[in-house]
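Derivation of every value follows stated rules applied to the coordinates shown; laboratory data play no part. Just so it is clear, the model here is predicted, and its values are computed rather than measured. Don't worry about glycine lacking a Cβ; one is built from the backbone with ideal geometry, like all the others, and counts go over all protein chains shown.
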Amino acid sequence: MPDSTRPQAGPVGASSHSNDQESVSGSRPSATSGLFGGRGTAFVVLALSLAITIPWSIRFQALPGFAGAAGGTGAMFLAAGAVIISLLLFALVWILTSTRLRAEALALEMTRDLRESEARFRNALDAAAIGMAIVSLDGKWIQVNSQLCRMLGYSEPDLKKLTFQDVTHPDDLKADLDYVGQVLRGEIPSY
């Protein structure tokens, strides 16, 4: 039975160990490399080699003065850091996904609310006892109610082919255009 504390070369790659540094290099480890040879660095190597498919190399070196104390703990700190980063990335993906789902639900709700609001507005416009219309900036009829059509003597499709200037008496046109200018300048809210 091989000594599990000794570095092993083979399908995983080459490994060397001394009091002040440890390095591992190679390519994708095989399934027959055992339980990482009893070494924490093998786990890091396995994780990295599964993440990328190009040849890899990792080198750990203790800072001067820490060579005897550090030993093989650098790999454990690296593995712990990798786990923490993985958990943080998982949390970020979870948050982004749940935010996207909430945004989609909010967008659907807002779309439904907008449709309901438009239907209420259209019903209020149609049920009004006075002639009402929505007119574009160039004077074209966008929406008209039945009272306005009845008052002007046009059907809705015929009225929408005209502009409000076409149905305004020439004596009143200048005043109407002045009102349009005041609305566009924000001097009055409507007319």
Please verify whether Ala133 is closer than 24 Å to Pro189 by Cβ, in contact with a Phe, Trp or Tyr (Cβ under 6 Å, 6 or more places away or on another chain) and free of Cβ contacts under 8 Å to residues at least 40 places away in the same chain, treating the condition exactly as stated.
yes
Report the residue count in the range 121-154 for those that are surrounded by 13 or more Cβ atoms within 10 Å (Cβ to Cβ) and outside any helix (DSSP H, G or I).
12
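When residues of the range 169-191 are filtered for being in a helix (DSSP H, G or I) and closer than 17 Å to Ala133 by Cβ, how many remain?
First, pick out the residues of the range 169-191 that are in a helix (DSSP H, G or I): 170-184.
Among the residues that remain, those that are also closer than 17 Å to Ala133 by Cβ are: 172-173, 176-177, 179-180, 183-184.
Looking only at that region, the number is 8.
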